[in-house]
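The values are calculated or read from the model by the stated rules, or taken from the named source; none is laboratory data. Source: prediction; values computed, not measured. All Cβ positions, glycine included, derive from the backbone under ideal geometry; neighbour counts span all protein chains shown.
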């Protein structure tokens, strides 16, 4: 996969957010399941608990990834994660980790929670339930996306490219305005 590619995902996606990351990496409590080769989704869904104890997804809206940036490298290195889905991007340090450890960051359109929720077929399991809603969620999804490869395993980043282009254009604008 290369930046700019658009993909859809069918299978298992693991919903994760700050509290679960903190438990696994800061509090050193191992993940309750093997996450090797897994896809993570930065999310804290709104759910309804059914009479049988299972959960129904009400709203599964992706959250901003940058505040969880410090967990990218350990997720890849210690857990074997291969893809992270979120919005807003990650840092250049995370881009370097994706390159060196072989992973991708997949951007989803912000504000598309209603579409995302429809693409979740079921919540299969919930771990660290005491962290509700920032638990570790096992979602079964079908055609989840569209997802844009925004950071790839080759060290490329759409976010860095956009920032560089903006800086180049800004220099030209300043020159036209006579501002140095």
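In region 95-110, is there at least one residue being within 24 Å of residue 57 (Cβ to Cβ), out of contact with any helix residue (DSSP H, G or I) (no Cβ under 9 Å at 6 or more places or on another chain) and part of a loop (DSSP other than H, G, I, E, B)? Yes, region 95-110 contains a residue that is within 24 Å of residue 57 (Cβ to Cβ), out of contact with any helix residue (DSSP H, G or I) (no Cβ under 9 Å at 6 or more places or on another chain) and part of a loop (DSSP other than H, G, I, E, B). Considering only region 127-134, I want to know if a residue exists there that is crowded, with 17+ Cβ neighbours inside 10 Å, in contact (Cβ under 8 Å) with a residue 60 or more places away in the chain, within 27 Å of residue 23 (Cα to Cα) and out of contact with any strand residue (DSSP E or B) (no Cβ under 9 Å at 6 or more places or on another chain). Within region 127-134, one or more residues are crowded, with 17+ Cβ neighbours inside 10 Å, in contact (Cβ under 8 Å) with a residue 60 or more places away in the chain, within 27 Å of residue 23 (Cα to Cα) and out of contact with any strand residue (DSSP E or B) (no Cβ under 9 Å at 6 or more places or on another chain).
The strands (runs of 3 or more DSSP E) located wholly in region 1-72 that include 3 or more residues which are in contact with a strand residue (DSSP E or B) (Cβ under 8 Å, 6 or more places away or on another chain), buried (at least 21 other Cβ atoms within 10 Å of the Cβ) and modelled with pLDDT of 95 or more occupy 6-16, 39-42. Do we find that residue 156 is modelled with pLDDT of 95 or more and over 14 Å from residue 44 (Cα atoms) in this structure? For residue 156, the condition - modelled with pLDDT of 95 or more and over 14 Å from residue 44 (Cα atoms) - is met. Return yes or no: is residue 80 farther than 14 Å from residue 136 by Cα and buried (at least 20 other Cβ atoms within 10 Å of the Cβ)? The answer is no for residue 80. Any residue that is assigned to a loop (DSSP other than H, G, I, E, B), closer than 18 Å to residue 58 by Cα and under 18 Å from the mean Cα position of the chain (by Cα) - is there at least one of those in region 135-154? Yes, there is a match, as at least one residue in region 135-154 is assigned to a loop (DSSP other than H, G, I, E, B), closer than 18 Å to residue 58 by Cα and under 18 Å from the mean Cα position of the chain (by Cα). Checking each residue in region 73-94 for being assigned to a loop (DSSP other than H, G, I, E, B) and touching a strand residue (DSSP E or B) at 6+ places or on another chain (Cβ under 9 Å) picks out 81, 82, 88, 89, 90.
Pull out all pairs, ordered by first then second residue, where Cβ-Cβ is under 6 Å, the residues are six or more apart or on different chains, the first lies in region 101-124 and is crowded, with 16+ Cβ neighbours inside 10 Å, and the second is outside any strand (DSSP E or B) and at pLDDT below 95. Between residues of region 101-124 that are crowded, with 16+ Cβ neighbours inside 10 Å and residues that are outside any strand (DSSP E or B) and at pLDDT below 95, the close pairs are 104/1; 113/61; 116/60; 120/60.
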